[in-house]
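The values are calculated or read from the model by the stated rules, or taken from the named source; none is laboratory data. The structure presented is a predicted model; accordingly, all values stated were derived computationally and were not measured. Just the protein is used for accessible areas: all its heavy atoms, side chains included, with ligands, DNA and RNA removed. Shrake-Rupley method; radii C 1.70, N 1.55, O 1.52, S 1.80 Å.
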Amino acid sequence: KFQIQETQLATPFIKCSGKNSCPEIVQGKFTHFVSRKAMDIDGLGQEILLTLIKKGFINDFADIYLLANHRKDLESLERFGEKSVSNLIESIAQSSSIDLYKLIYSLGIEEVGETTARNLANRFGNFNALKESSFEDLIEVSDIGPRVASKITDYFLNNENQSSLKKLLP
């Protein structure tokens, strides 16, 4: 379980000596993942995410898609009610069918913005092809040089990311 402290600004690109376990990085990753330009999950702002993380409902991106299993527990939380939980669950369900580029962007891979995510989606066509791509495949994509290609390959080689992606995209 993560212990999260409230922060003024959460971003998936904060640097921290504790790597991915820093509270600000954890909150920033989730905030980026649910943002309008990424998975576009309405109703999961920073404060609500912080509450869900603190309460142990969310430890991984995939946990967001399991929140419907905790409906009664969610309804008992402050600022939650039957209607708001229903709206949240509906918004989460809608986010499960999005364009590939939004999924790529939502992961918060360092150096991969919206344009690069679109170019990757156009080049590889599906997520598994991207995940299995080589450094050489990546640098052939428009706007991707060696630095960005390294960031992408490093992301997919990271054990923690691999585990998270297996849960998110079984």
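Label the chain by shape, choosing from rounded, prolate and oblate, from the square roots a ≥ b ≥ c of the eigenvalues of the Cα gyration tensor; if a/c is under 1.5 it is rounded, and otherwise prolate applies when a/b is larger than b/c, oblate when it is not.
prolate
Could you work out what % of the accessible surface of segment 57-170 is carbon and sulfur, using a 1.4 angstrom probe and leaving DNA, RNA and ligands out of the count? Walk me through the intermediate numbers first.
Working: 2840 of 6260 Å².
Carbon plus sulfur share of accessible area: 45 percent.
Determine the per residue accessible area of segment 49-94 with all protein chains present and a 1.4 angstrom probe, expressed in square angstrom.
About 54 Å² of surface per residue is accessible.
Between segment 136-170 and segment 34-105, how many Å separate their Cα centres?
When both Cα centres are located, 25 Å separates them.
Mean separation of Cα pairs under 8 Å and 6+ residues apart, divided by the residue count of the chain: what relative contact order is that in percent? Please report the intermediate quantities before stating the final value.
Working: 191 pairs, mean separation 31.8, N = 170.
The value is 19 percent.
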